[in-house]
1. For region B:454-471, enumerate the residues that are modelled with pLDDT of 95 or more and of a type in the set (Gly, Ala, Ser).
2. Considering region B:502-522 alone, what residues qualify as being part of a loop (DSSP other than H, G, I, E, B) and under 17 Å from residue B:6 (Cα atoms)?
3. Within region B:360-373, is even one residue assigned to a strand (DSSP E or B), in contact (Cβ under 8 Å) with a residue 12 or more places away in the chain and in contact with a helix residue (DSSP H, G or I) (Cβ under 8 Å, 6 or more places away or on another chain)?
4. Check residue A:129 against each of (1) in contact with a helix residue (DSSP H, G or I) (Cβ under 6 Å, 6 or more places away or on another chain); (2) more than 10 Å from chain B (Cβ to nearest Cβ); (3) surrounded by fewer than 24 Cβ atoms within 10 Å (Cβ to Cβ) and name the one condition it does not meet.
5. Scan region B:416-430 residue by residue and report those that are outside any loop (DSSP other than H, G, I, E, B) and buried (at least 18 other Cβ atoms within 10 Å of the Cβ).
6. List pairs: first in region B:709-720 and at the interface with chain A (Cβ under 7 Å from one of its Cβ atoms) and closer than 14 Å to residue A:41 by Cα, second part of a loop (DSSP other than H, G, I, E, B) and acidic (Asp, Glu), Cβ under 9 Å, 6+ apart or cross-chain?
7. Report whether or not residue A:138 is within 30 Å of residue A:19 (Cα to Cα) and of a type in the set (Ser, Thr, Tyr).
8. Which members of region A:29-67 meet the condition of being at the interface with chain B (Cβ under 8 Å from one of its Cβ atoms), modelled with pLDDT of 95 or more and surrounded by fewer than 19 Cβ atoms within 10 Å (Cβ to Cβ)?
Amino acid sequence: MSIKITVTVNGVKHVDRVEPRMLLVNYLRETLGLTGTHVGCDTSSCGACTIHLNDKAAKSCSMLAVQADKCRITTIEGLAKDGELHPLQEGFNQCHGLQCGFCTPGMIMTAADLLRNNRKPSEQEIRAALDGNFCRCTGYHNIVKSVQYAVEKMKAAKPKPKKEVAV
Amino acid sequence: MSTTNLIGQSVKRVEDKRFTTGRGRFADDIVLPHQTYASFVRSPYAHARILQVDTSAAKEMPGVIAIYTGADLANVNGVPCGWQVNFKNGDAMKEPKHALLAAGKARHAGDPVAIVIAETREQAVDAAEAVVVEYEELPCVIDAAKAVQPGAPLVHEDVPNNICFDWALGNPIEEVNEAMSRASHVTTLEFVNQRLVPNAIEPRSYNSSYDPITDKYILYTSTQNPHVIRLLMCAFVLGLPEHKVRVVGPDVGGGFGSKIFHYTEEALLTWCTKQLGRPVKWTAERSESFLLDAHGRDHITKAEMGFDAEGKILALRVKTYANMGAYLSTFGSCIPTYLHGTLLQGLYTTPKINVDVTAVFTHSTPVDAYRGAGRPEATYLLERLMDLAAHEMNMDPADLRFKNFIPPFDGVNQPGYQTQVALQYDSGNYEGVLKKGLGMLGYEEIRKKQKEAANNGKLIGVGFSTYIEACGIAPSAVVGSLGARAGLFEVGQVRVQPTGKVSVYTGSHSHGQGHETTFAQVVADKLGISMDDVEIMHGDTETVAFGMGTYGSRSLAVGGTAIVKSIDKIIEKGKKIAAHKLEANPDDINFESGKFTVKGTDKSIGFAEIALTAYVPHVYPKDLEPGLDFSSFYDPANFTYPFGCHIAVVEVDKETGEVKLDRFIAVDDVGNMVNPMIVEGQIHGGVAQGIGQALFEGAVYNENGQLTNASYMDYCMPRADDFPFFETGTQVTPCPHNPLGVKGAGEAGAIGSTPAVVNAVMDALWSGGHNVKDIRMPLTAERVWRAMQS
């Protein structure tokens, strides 16, 4: 049995038939080949699979692909716009916020969700927001610094007109 | 960016962009044509006889291609151990077969009993659940000290008392006992250095394929050392021709030791792909990572340190039971011995030391190197003793250390320091790092604050740890004499292309350490070219000549030096070409900032032009080969010995026992630094893992041998809000025996930090009048609260 789903991923519309039990993360990684979203655990604990679903951070290992039907998804591959890196992507490089890079996509997607809702997070708010994302390399020190870098960068940038992508 | 003086700059990493944009390529990202997927049937019991494996129903399931059990692998070797340790009586250690699939008996929970291969991963998982295994559960033993008792269940029938080996190092025990008898004070500590699960966030993943036409294999594996995996798998397990096997370690999502070892799945998938003629892929689920990735630590130790009336250390006596798990992992045997016993000199002038280790099999996951590997256990032992001894003798813990430090020596004008436990330290200034740490801490102020807090019913504690480690592993002859079954050199090839661009092939493997940046800094700096003109390649046995891989903080000290040796050869050859072109003597040519110049003249020729000449050798020295491409094998003269001082400040909640880490100070001396930003990042990560051991982490087995916290829901991984920002400082004492003067930074954080945090908690409790000697790690609120009630 398979079920038809329609999803818009990184601005591109996809219509696919999927097994009902297929996880959203496997749909992204295997059906669409978007391997930037990672699987680090089976229990929605590590956050390596974090994506944006209708502009909210979601752990794609804990959702079925069919649940994403008619949804708008952004993965790490779609975060940079028009060749320009998101301030977080720049911040992680500037502040050495990654080492092995495996947790990084999930970490950035979670942080991006935070910054969308809170333009001036405190250090404790940043740490709390990243609580559902594990990093074994950095001790989180430079990840927090990277997010703080992005906060400053976004403060300095002129606000851009909001552009919605239709499903 | 300037092309010279790149060494020492905090250059931003060149590898970051692919990871921040989702374009990293990890093993599980790779899908091959005609891909098949594997899933395992694993023993639910810690110890059981496998009576029958019925695969008939599973074979009929949709998509199933093949199912193999232990019986099918009866004639295939097991995975080997790479380090032979002998019993005290000279007998070789016990090395029971570690079969690719368990046959006859399962020896730990998760031991694989069958492999199922199907068209999709889901089909493989479904069919694995349909395999019916009949077990007879047997009694098990998990605790190493209990496993050696008479009558304990045996892990391997032919290993009496479960003893893999016993081993001792240092001064004769009689001399140590005599020195101890003269002590005016003896501090004794019996403790457990608990078992940890490494938990790289990328689960292990393998994809093995075979081409029957060329008879060639390709294994993609999340490994820290592809060449070592190829060697072990070809020569010891499957008997494959090494030149027909390519092993690729693509982007690897963290290792921390756990991806050094040759795991059974690597060889089994490679065996299966030959049977099937199709690629076979397997990626561990997190619960499998918990059960199968080699664990770390797990020592049960009694340590005694004797002092004279002035507080000078007279002797150290150590007895350790080291848990090996159910089978010997690749380096399992050398961790509690040559990476633990040899570090028990610490930073102190202790004149008499004896360490006695019994390595024990139990019905648990194999134990091997985990960040620091033996050295954290040694440091924990020494540094807990030091703070406890200071408390018992009513001395200041910093003063006690100053009293006992080995005096500064640079290894050039002053000789290296010969320890009582085999090693010779290269260079050190141990009092320097403690002085610096105390300065950063504001020691007097914090002690004042602690006293005030205690008067107000609050518990604040300061804990110290001054550590040393042996890194830059290792001189082959030395480790060979100690039982290593491999050399520990490294290979670095520098290929200058005709246009002057440089391709570098290193046997070191980067899985977070940033080799593509730091190694390029070294090459660009030495050749006076732009970093953009240098590409660092690693992780593929087909492109890299050979390599021993990344562990033991060895990449820059050993792998980097191999590259420097090749650069030296390139410059030397370049001088000959330049001399010919400039009509001068090669001895009169200087190479600086990317230019070959005739000494004392302005006649010069650029690096790129020399490169082109080497490949278009029209005007060229008669006896010189064309080309500009050199490879070097570098075998270090000694280990390197980074050291440092870690200080923790904690607050303990009197009501709940909860520990809050207020400050963490790390002053590390890792020799010269090529990229201080990356060094600091390495320290941060290590410190977080060390604090994780002190406060949060620990494998918990129940009496049935079940790992009860084998998931992220249950195993307490450190999170972002568990830490403050770390305060880091550096001191530089160059390594005297490698050209870069570097010592290595990968493990320092994990080695130094754990005892500092535990000492701080003990100090907090002492400040509140609690007479506590030890709390078992991790120091959960409950354990600390209970300690305060006793």
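The values are calculated or read from the model by the stated rules, or taken from the named source; none is laboratory data. All figures in this text were calculated on a predicted structure; none of them were measured in a lab. Note: ideal-geometry Cβ built from the backbone for every residue, glycine included; neighbour counts use all protein chains shown.
1. Those that are modelled with pLDDT of 95 or more and of a type in the set (Gly, Ala, Ser): B:461, B:463, B:465, B:470.
2. B:514
3. Scanning region B:360-373, I find at least one residue that is assigned to a strand (DSSP E or B), in contact (Cβ under 8 Å) with a residue 12 or more places away in the chain and in contact with a helix residue (DSSP H, G or I) (Cβ under 8 Å, 6 or more places away or on another chain), so the answer is yes.
4. (2)
5. Answer for region B:416-430, where residues must be outside any loop (DSSP other than H, G, I, E, B) and buried (at least 18 other Cβ atoms within 10 Å of the Cβ): B:417, B:425, B:428, B:430.
6. Cβ pairs passing all conditions: B:711/A:42; B:712/A:42; B:717/B:697.
7. no
8. Across region A:29-67, the qualifying residue is only A:30.
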